[in-house]
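Here's the structure we're looking at; comments come further down.
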Amino acid sequence: AFGALAGLSALTPAWARSAIATGPARVAGLAPTVVRPGLVEYDLFIDRTRLAFGGETGTAVTMNGTVPGPLLRFTEGDEAVIRVHNRLDEDTSVHWHGLILPNAMDGVPHVNFPGIAARSTFEYRFPIRQYGTYWCHSHSAFQEQLGHYAPLVIDPAGSEPYRFDRELVVVLSDWTFEDPHAVLDNLKARPNYYNFQ
């Protein structure tokens, strides 16, 4: 029975497994390309990927081939360096939702940066000034609705403020095979369009 239970953990996505403490910087899921004290680097690849949702297959905008994207993990006080490689034939972006960071790194196209051009790479670089659980997502077209989002966890610089036995990161979202442009058009025409009692 214990062997079967141990085998079941292998079926859990890497980012959803509990983190293993490896010193001050704990990293679970996607391994950063470089980890040294005070600097954490990641490479994110934005692409269109065929994925199964509820028994059907659709095309998603993915981060490193998954929806949601991989868990990004930092420690308060780190410097984050995140290279976003846009493999799409259109512009993309990553907005770091809820993070305190320099305006030029916020990731909203045509507001505080030009966006990430098709087939190009943009490097986000900012200090991590807080701790908690956040998320990042695209602010380009309807890419977020097509799967371009990911969880982000920042551990406190000191000890954990709360005791826990196991850490789980839960990301909730909707998926539709309907074109997101059509969803918006339907809701603008009639706000209760998808209200089926």
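Conditions tested, residue by residue: (1) of a type in the set (K, R); (2) open to solvent by 10 Å² or more (accessible area, probe 1.4 Å).
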residue: G54; (1), (2): no, yes
residue: T59; (1), (2): no, yes
residue: V67; (1), (2): no, yes
residue: L72; (1), (2): no, no
residue: R87; (1), (2): yes, yes
residue: V94; (1), (2): no, no
residue: H110; (1), (2): no, yes
query = Among the residues of the stretch 143-175, which ones are closer than 20 Å to L88 by Cβ and either open to solvent by 60 Å² or more (accessible area, probe 1.4 Å) or in a helix (DSSP H, G or I) (or both)?
reply = Q145, S173, W175
inquiry  = Can you report the number of residues in the stretch 81-97 which are part of a loop (DSSP other than H, G, I, E, B) and under 18 Å from R125 (Cβ atoms)?
reply    = 2
query = Can you name every residue in the stretch 118-128 that is open to solvent by 20 Å² or more (accessible area, probe 1.4 Å) and either in contact with a Lys or Arg (Cβ under 6 Å, 6 or more places away or on another chain) or within 16 Å of I82 (Cα to Cα) (or both)?
reply = S120, T121, F122, E123, R125, P127
task = Specify which of the listed residues (F113, F177, F196, F122) is among the hydrophobic types (A, V, I, L, M, F, W, C) and in contact (Cβ under 8 Å) with a residue 60 or more places away in the chain.
result = F177
key: Failed condition for G115, given (1) at pLDDT 95 or above; (2) farther than 22 Å from N103 by Cβ   = (2)
query = Can you tell me how many residues in the stretch 118-141 are outside any strand (DSSP E or B) and modelled with pLDDT of 95 or more?
reply = 10
message = Exactly one of these conditions fails for H181: (1) touching a strand residue (DSSP E or B) at 6+ places or on another chain (Cβ under 8 Å); (2) open to solvent by 50 Å² or more (accessible area, probe 1.4 Å). Give me its number.
response = (1)
note = L172 passes all but one of the listed conditions (1) touching a residue at least 12 places away in the same chain (Cβ under 8 Å); (2) within 24 Å of T49 (Cβ to Cβ); (3) not hydroxyl-bearing (S, T, Y); the exception is number (1)
query = Regarding L101, is this residue over 18 Å from G69 (Cα atoms) and surrounded by 13 or more Cβ atoms within 10 Å (Cβ to Cβ)?
reply = yes
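The values are calculated or read from the model by the stated rules, or taken from the named source; none is laboratory data. As the structure is a computational prediction, the values presented were derived from the model and not from experiment. Virtual Cβ from ideal backbone geometry, glycine too; neighbours counted across all protein chains shown. Just so you know, the surface numbers come from the protein's heavy atoms only, side chains and all, with ligands and any DNA or RNA stripped out. Shrake-Rupley method; radii C 1.70, N 1.55, O 1.52, S 1.80 Å.
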